[in-house]
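*Asks:* Once you've had a glance at the structure underneath, I'll fire off some questions.
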Amino acid sequence: MPLDPHLLQLYLVAVVLLILAPGPDSLLVLSRSVTNGRQAGFVATAGITLGNVVHALLAAAGVSALIAASPALFDTLRYVGAAYLAWIGGRALWSLAVARRTGAAAVPAAAPAPARTIFATALLTNLLNPKVILFYLAFVPQFVAPDRGAVALQTFLLGLILAVGGCLFLLGVAAASAGAARAALTSARLRGVLDGLCGVLFLGFAVRLLLTERRFA
């Protein structure tokens, strides 16, 4: 076994706490599940999980370290990621503004977003978040045992554990929240609350991402 058993136990505890912390990924799955149903939440989860696996591969290959070490690359990714989160938040707030302008108490269910659109949005939300890169560089290495060799493999396996754990949690979020989909889709009030909440939170995530510093250790 390439991983140190003692360090692995500590890592698993830390991963559970990290997975339960709210962030753009969990919010995206929650909003997709409520507005488009359980299947949409599962598709979003697949996109986010793929993003985490890609991050694990990049960290193991040393690419993430190169990005974090380059101010230009890191800032570019930070600005693009923040702009993307802000676009998601702004679109949600725009939907709320349009709904309020119509003044309808109840509206027909909106056409569900295509699965490929949901998948791509979730994947980009994860990949364009430089905070995830910093996580792999500042947190994961603390649980790597150099004396066991295969540091790159250990890094990837630890990242894969996080990806799988996060996937299981997000699947649970999608399954649990999908029950509210019918009410949210037929009630303009509930859809407005969801759009407003998601819009504000995603804009907040964008601001927080802009304030992310490149320091890690």
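*Asks:* Would you mind classifying segment 1-51 by shape? Square roots of the alpha carbon gyration tensor eigenvalues, ordered a ≥ b ≥ c; an a/c under 1.5 is rounded, otherwise it is prolate if a/b is larger than b/c and oblate if not.
*Replies:* The shape class here is prolate.
*Asks:* By the scheme Lys and Arg +1, Asp and Glu -1, what is the net charge of all other residues having a beta-carbon under 15 Å from that of LEU8?
*Replies:* On the way: positive: ARG148; negative: ASP4, ASP147.
Residues close to LEU8 contribute a combined charge of -1.
*Asks:* Just want the ordering: TYR136, TYR79, TYR11, from fewest to most Cβ atoms lying within 10 Å of their own Cβ. Each step should come with its number before you reach the end.
*Replies:* Details: TYR136 23, TYR79 14, TYR11 20.
Final ranking by Cβ density, sparse to dense: TYR79, TYR11, TYR136.
*Asks:* Now a separate question. Provide VAL16, VAL63 in ascending order of the number of other Cβ atoms located within 10 Å of each residue's Cβ, fewest first. Before the final figure, lay out the partial values.
*Replies:* On the way: VAL16 11, VAL63 14.
With the fewest neighbours first, VAL16, VAL63 line up as VAL16, VAL63.
*Asks:* Okay, next question. Please report the net charge: other residues with Cβ closer than 13 Å to the Cβ of VAL43, K and R +1, D and E -1.
*Replies:* Numbers: positive: ARG32, ARG38, ARG116; negative: none.
Local net charge: +3.
Laboratory data are not the source of any read-out in this text; all were calculated from the coordinates shown. Every value quoted in this text rests on a predicted model; they were computed, and no experiment measured them. Glycine gets a Cβ as well: all are built from the backbone with ideal geometry, and neighbour counts include every protein chain shown.
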